[in-house]
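Structure, as structure tokens:
The values are calculated or read from the model by the stated rules, or taken from the named source; none is laboratory data. In this text, all values refer to a predicted model and were calculated from it rather than measured experimentally. Note: ideal-geometry Cβ built from the backbone for every residue, glycine included; neighbour counts use all protein chains shown. Side chains included, ligands, DNA and RNA excluded: accessible areas come from the protein's heavy atoms. Shrake-Rupley method; radii C 1.70, N 1.55, O 1.52, S 1.80 Å.
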Amino acid sequence: MTIGEFLKDIRKQKGLTITKVAQDIGFTKQYISMIEKNKCKPTLKLMKILADYYNIKLSYLVELYDKSI
């Protein structure tokens, strides 16, 4: 599983839209969409924000990121 696939899955499990997530964390919905589609990689700053937002371990996101390189 890629980091984008994981982030999309967890967002959907929590019943959230890309628009809602983007508004809540202060990034554009286009950027979040590109990450979920694996068209770009999130920065470490964004991974930390998403880990806090979704209440998951940052180390897990970093591991997925590393596997995607």
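Model label sites at K12 and S68, defined 7 Å from Cα along the beta-carbon direction, differ in position by 1.6 nm.
Which order do M1, M34, M47 take when ranked by solvent-accessible area (1.4 Å probe, heavy atoms of all protein chains), largest first?
From most accessible down to least: M1, M34, M47.
Are there chymotrypsin sites (Phe, Trp or Tyr not before Pro) in the chain that DSSP puts in a loop and that have at most 10 other Cβ atoms within 10 Å, and which ones?
Within the chain, no chymotrypsin sites (Phe, Trp or Tyr not before Pro) qualify (loop, at most 10 other Cβ atoms within 10 Å).
Applying a DSSP loop filter and a limit of 14 other Cβ atoms within 10 Å to the trypsin sites (Lys or Arg not before Pro) in the range 1-49 leaves K14, K37, K39. Mean-square fluctuations from a GNM of the chain, with a 10 angstrom spring cutoff on Cα atoms, peak among I56, I35, I18 at I56. The charge dipole of the chain, taken about the Cα centre with unit charges on the Cβ atoms of Lys, Arg (+1) and Asp, Glu (-1), comes to about 160 debye, rounded to the nearest 20. In the calculated pair-distance distribution of the chain, the portion above 21 angstrom amounts to 10 percent of the Cα-Cα pairs. Spacing of the modelled spin labels on L44 and L58, each 7 Å from Cα toward Cβ, amounts to 0.9 nm.
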